[in-house]
Amino acid sequence: MLDLSGNNLLESSLDSHSNIPLSLEDLVLLRCGLIEFPNILKNLQKLEHIDLSNNKITGKVPKWLWNLPLLRRVNLFNNSFASLEGSEEAFENSSVRYLDLAFNSFKGPFPKPPLPIILLSAWNNSFTGNIPLATCNRTSLTVLDLSYNNLTGPIPRCLSNVQESLVVVNLRKNNLEGSLPDMCYEGALLRTLDVGYNQLTGKLPKSLLNCSSLNFVSLDHNRLGDTFPFWLKALPDLRVLTLRSNKFYGPMSLPDQGPLAFPKLRIFEISDNNFTGSLPPNYFVNWEATSLQRNEDWRIYMGDYNNPYYVYEDTIDLQYKGLFMEQGKVLTSYATIDFSGNKLEGQIPESIGLLKALIALNLSNNAFTGHIPLSLANITELESLDLSRNQLSGNIPKGLGSLSFLAYISVAHNQLKGEIPQGPQFSGQAESSFEGNVGLCGLPLQGSCFVPPTQQPKEEDEEEEEDQVLSWKAVVIGYWPGLVFGLVLAHVIASYKPEWFGKIVGPDKHKQVDPVRLFMTLDSRWDSFNNKNNVEQTKK
């Protein structure tokens with residue numbers, strides 16, 4: 001074995017005239033800055049393993065590589081290869097069992113894989129055409145990863161021929177069409193099935209139940225049309241189920257089903273479908289995410305680690321903290337529920353608070369009503385909470401402020417009211433996280449929840465104005481009877497007692513009696529009398 005990884009090698013040191021021993025079996029040239037394929041390999045007839053990953057090699061992979069008689073493992077990961085020299089049968093008769101062509105620039109039809117192939121990884125290239133039917137005759141094939149290419153046509157139904165060996169099928173992000181074939185029969189070993197981001201139609205085959213080892217199922221971003229597959233909860237080891245962005249429809253809860261409890265489900269994403277109905281209060285009882293449990297093998301990421309010559313790790317697209325993250329490894333400790341973009345209604349089940357290990361919860365863009373469950377404060381691991389665009393009412397529970405890991409929260413566009421709880425979990429959020437709730441107030445929204453103290457005097461002024469209005473009404477009511485009475489009295493005095501009238505209005509004026517003038521004079525003198533009397537009473 002010769003391992004020169006991490007050194008900057010001259011191309012001339014790896015040509016056919018190099019003094020590398022011809023008996024070499026294992027040659028590792030990882031991260032050596034190579035830009036050309038090393039011709040020295042042509043002379044190493046006993047070579048079993050070659051690792052040229054993470055270099056900058058361009059051009060074609062030479063045809064003679066596949067003629068090395070003992071070659072078992074070839075790793076060309078992360079280079080700039082453009083094509084495989086030769087026809088589609090270039091390495092069909094090769095002895096290679098582990099072939100990694102991933103993260104290059106390969107184009108054209110995908111070649112027929114070697115007969116003894118165990119691992120076939122060619123993700124993130126530009127291969128076109130159909131998946132070769134010859135793949136179905138590779139009875140030792142364990143991992144088939146052709147994701148992130150431009151493959152077309154249907155998924156070969158004959159893949160069921162290798163069900164006794166296939167553990168991983170990853171065909172994500174291609175242009176595959178047709179229905180999902182039956183790949184599982186009694187005794188199938190399939191653990192990972194990822195066919196997301198294709199154009200698949202039809203319903204889910206119930207033969208998936210025969211794959212009792214299924215751990216990871218990703219069917220997102222297709223055109224699958226079916227009711228929710230309640231029957232999948234019979235799979236004892238299912239931990240990831242993503243049905244995002246399809247045409248699934250119907251209720252998410254059936255009257256005779258009880259709690260929708262998957263034995264070990266930790267990632268459950270059904271967003272952007274047409275699911276309807278309400279969720280019963282006990283919907284989240286007995287879910288795996290109710291407790292924190294280490295993976296049995298203590299691995300950090302989900303994947304297949306059973307083969308000593310390769311490691312396969314599952315990947316998933318996550319919508320987390322308001323962001324979309326593509327192709328991330330799946331932590332074994334990660335737990336999320338995403339029901340967003342459906343037509344679910346009714347109250348959010350209080351049993352959601354039992355999922356103490358839940359890290360992300362997204363129920364946005366539905367028709368949920370009622371209050372935000374107080375039990376959310378029990379999800380101590382929660383980091384991301386999105387309840388936006390529903391019809392929720394009432395106050396935001398202050399208990400959410402006790403969630404020390406909560407870094408993102410959005411309750412925008414609901415019918416919430418009251419003051420936004422204060423604390424680091426809320427003050428660090430954007431204003432957009434609370435917009436669209438007319439009754440909400442407090443930071444980070446503009447304005448305050450407190451009424452200015454100047455409003456109280458205004459109320460007192462209004463009372464005084466009301467009292468004044470009442471006083472004037474009393475004056476007006478008393479004025480007109482007094483006026484009539486005064487006029488009558490003046491007329492009587494002028495007619496029957498002219499001498500009195502003369503004394504009041506003065507001499508030489510009693511000949512022309514004016515009752516109105518008489519009344520006004522009497523009235524003014526009466527006021528003078530009252531004022532004088534009031535002064536004397538005040539002195540006393």
(message) Can you report the number of residues in region 114-131 which are in contact with a Pro (Cβ under 8 Å, 6 or more places away or on another chain) and not in a loop (DSSP other than H, G, I, E, B)?
(response) 4
(request) Evaluate the following for VAL169: is it out of contact with any His (no Cβ under 7 Å at 6 or more places or on another chain), farther than 26 Å from LEU260 by Cα and β-branched (Val, Ile, Thr)? (result) yes
(message) Looking at region 322-341, I want the residues that are under 14 Å from LYS264 (Cβ atoms) and of a type in the set (A, V, I, L, M) and have a partner that is open to solvent by 60 Å² or more (accessible area, probe 1.4 Å) and assigned to a strand (DSSP E or B) with Cβ atoms under 7 Å, at least 6 apart or on another chain. Which pairs are those?
(response) VAL330/TYR301
(request) Identify the single condition in (1) buried (at least 18 other Cβ atoms within 10 Å of the Cβ); (2) more than 19 Å from the chain's Cα centre (by Cα); (3) over 26 Å from VAL438 (Cβ atoms); (4) not small (Gly, Ala, Ser) that VAL311 does not satisfy, given that it satisfies every other one. (result) (1)
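Residues are listed down the side, and each one gets a yes or a no for (1) open to solvent by 10 Å² or more (accessible area, probe 1.4 Å); (2) under 25 Å from ASP220 (Cα atoms); (3) among the hydrophobic types (A, V, I, L, M, F, W, C):
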position: ASP100; (1), (2), (3): yes, no, no
position: PRO109; (1), (2), (3): yes, no, no
position: PRO116; (1), (2), (3): yes, no, no
position: LEU119; (1), (2), (3): yes, yes, yes
position: TRP123; (1), (2), (3): yes, yes, yes
position: PHE127; (1), (2), (3): no, yes, yes
position: PRO132; (1), (2), (3): yes, yes, no
position: PRO154; (1), (2), (3): yes, yes, no
position: ARG172; (1), (2), (3): no, yes, no
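Based on this model, can you work out whether SER83 counts as hydroxyl-bearing (Ser, Thr, Tyr) and in contact with a strand residue (DSSP E or B) (Cβ under 8 Å, 6 or more places away or on another chain)? Steps first, please.
On the way: hydroxyl-bearing (Ser, Thr, Tyr): yes; in contact with a strand residue (DSSP E or B) (Cβ under 8 Å, 6 or more places away or on another chain): yes.
In short, yes.
With a cut-off of at least 3 residues that are modelled with pLDDT of 80 or more and open to solvent by less than 60 Å² (accessible area, probe 1.4 Å), name the strands (runs of 3 or more DSSP E) lying wholly within region 408-460. First the steps, then the outcome.
Numbers: elements: 408-410, 415-419, 439-441.
Those strands (runs of 3 or more DSSP E) span 408-410, 439-441.
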(message) Looking at GLN391, GLN327, can you tell me which residue is surrounded by fewer than 19 Cβ atoms within 10 Å (Cβ to Cβ), modelled with pLDDT of 95 or more and not charged (D, E, K, R)?
(response) GLN391
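Quick check on PHE127: is it free of Cβ contacts under 8 Å to residues at least 40 places away in the same chain, aromatic (Phe, Trp, Tyr) and under 15 Å from LEU171 (Cα atoms)?
Yes, satisfied.
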(message) Scan region 70-78 and tell me whether some residue there is at pLDDT 95 or above and either over 21 Å from PRO308 (Cβ atoms) or polar (S, T, N, Q) (or both).
(response) yes
(request) Please specify each residue of region 264-278 satisfying the condition of being under 10 Å from ILE337 (Cβ atoms) and in contact with a helix residue (DSSP H, G or I) (Cβ under 6 Å, 6 or more places away or on another chain). (result) LEU265, ARG266
(request) Identify all residues within region 165-202 that are within 25 Å of ASN306 (Cβ to Cβ) and touching a Phe, Trp or Tyr at 6+ places or on another chain (Cβ under 9 Å); write none if there are none. (result) VAL167, VAL168, ASN170, ARG172, ARG191, THR192, LEU193, ASP194
(message) Take ARG138 and tell me if it is free of Cβ contacts under 8 Å to residues at least 40 places away in the same chain, among the charged types (D, E, K, R) and either touching a helix residue (DSSP H, G or I) at 6+ places or on another chain (Cβ under 8 Å) or crowded, with 22+ Cβ neighbours inside 10 Å (or both).
(response) yes
(request) Hey, can you tell me all the residues within region 58-75 that are surrounded by fewer than 17 Cβ atoms within 10 Å (Cβ to Cβ) and β-branched (Val, Ile, Thr)? (result) THR58
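Of all residues in region 79-110, how many are assigned to a loop (DSSP other than H, G, I, E, B) and more than 39 Å from the chain's Cα centre (by Cα)?
First pass over region 79-110, keeping only residues assigned to a loop (DSSP other than H, G, I, E, B): 79, 85-97, 101-106, 110.
Filter once more, so that each one left must be more than 39 Å from the chain's Cα centre (by Cα): 85-97.
So the answer is 13.
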(request) Look at region 14-42 and say how many of its residues are loosely packed, with under 15 Cβ neighbours inside 10 Å and part of a helix (DSSP H, G or I). (result) 0
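For region 330-359, what are the residues that are among the hydrophobic types (A, V, I, L, M, F, W, C), within 20 Å of PRO281 (Cα to Cα) and open to solvent by less than 10 Å² (accessible area, probe 1.4 Å)?
Our first condition is that a residue be among the hydrophobic types (A, V, I, L, M, F, W, C); within region 330-359, this holds for 330-331, 335, 337, 339, 344, 348, 352, 354-355, 357-359.
Among the residues that remain, those that are also within 20 Å of PRO281 (Cα to Cα) are: 337, 339, 344, 348, 352, 354-355, 357-358.
The answer is ILE337, PHE339, LEU344, ILE352, LEU355, ALA357, LEU358.
Please state which one of GLY59, GLY86 is out of contact with any helix residue (DSSP H, G or I) (no Cβ under 9 Å at 6 or more places or on another chain), without any contact (Cβ under 8 Å) to a residue 40 or more places away in the chain and at positive phi. Full working, then the answer.
Numbers: GLY86 fails: out of contact with any helix residue (DSSP H, G or I) (no Cβ under 9 Å at 6 or more places or on another chain).
The match here is GLY59.
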(request) Output the number of the condition that SER13 fails; it satisfies all remaining conditions of (1) over 47 Å from the mean Cα position of the chain (by Cα); (2) touching a residue at least 12 places away in the same chain (Cβ under 8 Å); (3) closer than 15 Å to LEU2 by Cα. (result) (2)
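The values are calculated or read from the model by the stated rules, or taken from the named source; none is laboratory data. A quick note: this is a predicted structure, and the numbers were derived from the prediction, not measured. Glycine gets a Cβ as well: all are built from the backbone with ideal geometry, and neighbour counts include every protein chain shown. When the accessible area is computed, the model is the full protein with side chains, heavy atoms only, and any ligands, DNA or RNA have been set aside. Shrake-Rupley method; radii C 1.70, N 1.55, O 1.52, S 1.80 Å.
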